[in-house]
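To start, the structure itself, in structure tokens.
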Amino acid sequence: MSQKPVFSVIIPCYRAAKTLPRAVASVLAGAPDALEVLLIDDGSPDETPAVCDALAAQDPRVRALHRPNGGAAAARNTGLDAAAGKWVLFVDADDELLPGLWDALPSALAAAPGMILFGLTRQSGPAPCPLAPGVFPRLADVGAALEPLLFESGYLAAPYPKLFNAAALRQAGVRFNEALAVNEDVLFNLDFLFFSQMTPAIYCLPGVYYKQNDQAAGSLSRRLRGDLLDAEAVTRPALDRLLRKEGLPDAQREALLTKSRVRAALNQYGLLTGRAGRMALQTRRALFARILSDADARAALRAQLRADPNRLAALPYRLGAALNAPGLLAAYTAAKNRLLRA
């Protein structure tokens with residue numbers, strides 16, 4: 001590339017041979033010449049490394065970088081180390097940019113914010129941005145949109161759909177926590193907003209320019225895992241620190257921290273009860289015990305179960321929650337899981 005790029009698009013790649021060409025094509029469609037696309041092959045054992053090299057050979061704006069497997073956080077950090085652009089955009093290898101983003105950016109770039117936010121949609125359904133288009137000097141200025149930005153919408157959870165000011169990233173020294181297998185992107189966003197000194201903090205573009213293909217078998221919502229509570233315990237202090245910096249009233253800050261904890265508990269409960277996968281019985285029991293030991297989470301879970309329209313199917317769960325019996329919940333879900341796998 002003869003000129004220094006304005007945009008660095010970082011795409012971590014693992015077992016992505018089938019979807020990566022589509023992702024790269026979506027990034028390059030209508031893109032400026034002052035662009036670099038960094039394909040970070042994270043030690044993928046399939047054809048992904050060869051696909052990365054082939055895509056790089058087709059367009060001088062595309063570079064393939066190969067590293068030993070270390071997970072998405074490590075791959076994104078490798079991309080950050082190599083990025084030369086003034087703006088950094090993360091795209092997942094099974095997702096895609098939608099037309100119009102590159103043409104919509106000039107007004108946002110002129111404002112030189114720390115973060116440029118834009119709309120996304122999901123394969124599973126619409127995901128409207130809770131923040132109105134405009135300039136927001138501080139995170140606290142987003143008003144009532146703060147809670148849905150942090151939680152329901154996922155806009156401040158995922159590394160997309162947004163561009164990060166590279167100067168702010170370097171100044172803040174923010175990296176993805178490679179010890180986390182989930183919530184590493186949440187922590188990255190929270191740390192960026194805390195450490196970045198850029199004003200305005202956020203520029204929100206009108207329009208939807210990112211499609212998240214969230215129905216794949218490997219997505220978080222479709223596979224069993226047991227680390228959601230631990231990951232939330234790591235990110236919650238960062239959220240607390242950010243909310244204190246933004247000067248939120250104590251009652252609002254405590255309510256948001258409680259919601260973070262409760263949502264993680266309900267999400268973990270949902271995976272334990274609704275997803276097939278191997279997990280030791282004692283691990284299941286310990287996770288249910290942690291959920292039920294949290295008074296706020298237990299109350300929210302009981303309310304959720306009372307509202308379940310399928311009362312017969314919910315009965316074992318209602319009984320386990322009412323009796324505060326993690327062993328009962330663990331045994332029942334383990335047995336159900338064996339039947340699902342049979």
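The values are calculated or read from the model by the stated rules, or taken from the named source; none is laboratory data. These figures come from a predicted structure and were not determined experimentally. Cβ sites come from the backbone with ideal geometry, for glycine too, and all protein chains shown count toward neighbours. For the accessible areas, the whole protein counts, side chains as well, though only heavy atoms, and no ligand, DNA or RNA atoms are used. Shrake-Rupley method; radii C 1.70, N 1.55, O 1.52, S 1.80 Å.
Have a look at 21, 9, 260 and report the one farthest towards the positive end of the charge dipole of the chain, computed about the Cα centre with Cβ charges (Lys/Arg +1, Asp/Glu -1).
The one lying farthest along the dipole's positive direction is 260.
Of all the accessible heavy-atom surface of the chain, with the other protein chains kept in place and a 1.4 Å probe, what percent is carbon and sulfur?
Taking all protein chains in place, the chain shows 55 percent carbon and sulfur surface.
Hey, got the Cα dimensions of the stretch 112-249 along the principal axes, in Å, largest first?
40, 32, 30
Loop-only check: which trypsin sites (Lys or Arg not before Pro) in the stretch 265-311 are DSSP coil with at most 14 other Cβ within 10 angstrom? Mind showing how you got there, number by number?
Working: sites: 275, 278, 284, 285, 290, 298, 302, 306, 311; in loops: 275, 278.
The qualifying sites are 278.
At q = 0.12, 0.13, 0.15 Å⁻¹, what log₁₀ I(q)/I(0) does the chain have when each alpha carbon counts as one equal point scatterer in the Debye sum?
-0.91, -1.05, -1.30
Over the Cα atoms, compute the radius of gyration (one decimal) and Dmax (the largest Cα-Cα distance, rounded to a whole number) for the stretch 241-282, in Å.
Reported Rg and Dmax, both Å: 15.6, 44.
Looking at the chain, which longest stretch skips every one of the GluC sites (Glu not before Pro) that is in a DSSP loop with at most 15 other Cβ atoms within 10 Å, leaving the sites themselves out?
179-342
How many percent of Cα pairs in the stretch 114-184 exceed 14 Å?
Values: 1668 of 2485 pairs.
I get 67 percent for the Cα pairs in the stretch 114-184 exceeding 14 Å.
Per the helix-only calculation at 222 nm, which mean residue ellipticity applies to the chain, given -39500 (n - 2.57) for every DSSP H run of n ≥ 4 and division by its residues, nearest 500 deg cm²/dmol?
Value at 222 nm, helices only, nearest 500: -14500 deg cm²/dmol.
Accessible surface of residue 194 in the full protein assembly, 1.4 angstrom probe, to the nearest 10 Å²?
Using a 1.4 Å probe on the heavy atoms, I get roughly 40 Å².
Just want to confirm a number: the relative contact order over the stretch 49-194, from Cα pairs under 8 angstrom separated by 6+ residues, in percent.
Answer for the stretch 49-194 is 29 percent.
Quick one: net charge of residue 323's neighbours, Cβ under 13 Å, K/R +1, D/E -1?
Details: positive: 298, 302, 318; negative: none.
Counting the neighbours of residue 323, the net charge comes to +3.
7 Å from Cα along Cα→Cβ at both residue 275 and residue 304: what's the point-to-point distance in nm?
The answer from the label model is 1.3 nm.
Using amide H atoms built in the peptide plane, which far-off residues or other-chain residues are under 5 Å from residue 114 H to H?
Here the answer is 201, 202, since their amide H atoms fall under 5 Å of that of residue 114.
Only bridges whose two residues both fall in the chain count here: according to DSSP, what percent of them are antiparallel, nearest 5?
That works out to approximately 35 percent antiparallel.
Which three numbers, in whole Å and largest first, are the semi-axes of the equivalent ellipsoid of the stretch 203-342 derived from its Cα gyration tensor as √(5λ)?
Semi-axes (√(5λ), whole Å): 29, 21, 15.
Using a probe radius of 1.4 Å on heavy atoms only, what accessible surface per residue do you get for the stretch 1-121? Whole Å² is fine.
39
Expressed as a whole number of Å, what is the distance separating the alpha-carbon centroids of the stretch 160-197 and the stretch 291-336?
Between the Cα centre of the stretch 291-336 and that of the stretch 160-197, the gap is 36 Å.
What is the gain in length, in nm to one decimal, between residue 312 and residue 338 on full extension, counting 0.36 nm per residue of separation less the C-alpha to C-alpha distance?
Stretched fully, the residue 312-residue 338 segment lengthens by 7.4 nm.
Along the positive direction of the dipole of the chain (beta-carbon charges: Lys, Arg +1; Asp, Glu -1; about the Cα centre), which of 297, 198, 73 reaches farthest?
The residue sitting most towards the positive pole is 297.
Please report how far the C-alpha centroid of the stretch 135-155 lies from that of the stretch 61-102, rounded to the nearest whole angstrom.
So the separation of the two Cα centres works out to 25 Å.
Give the calculated FRET efficiency between residue 144 and residue 47 to the nearest 0.05, with a Förster radius of 56 Å applied to their Cβ-Cβ distance.
In this case the efficiency is close to 0.75.
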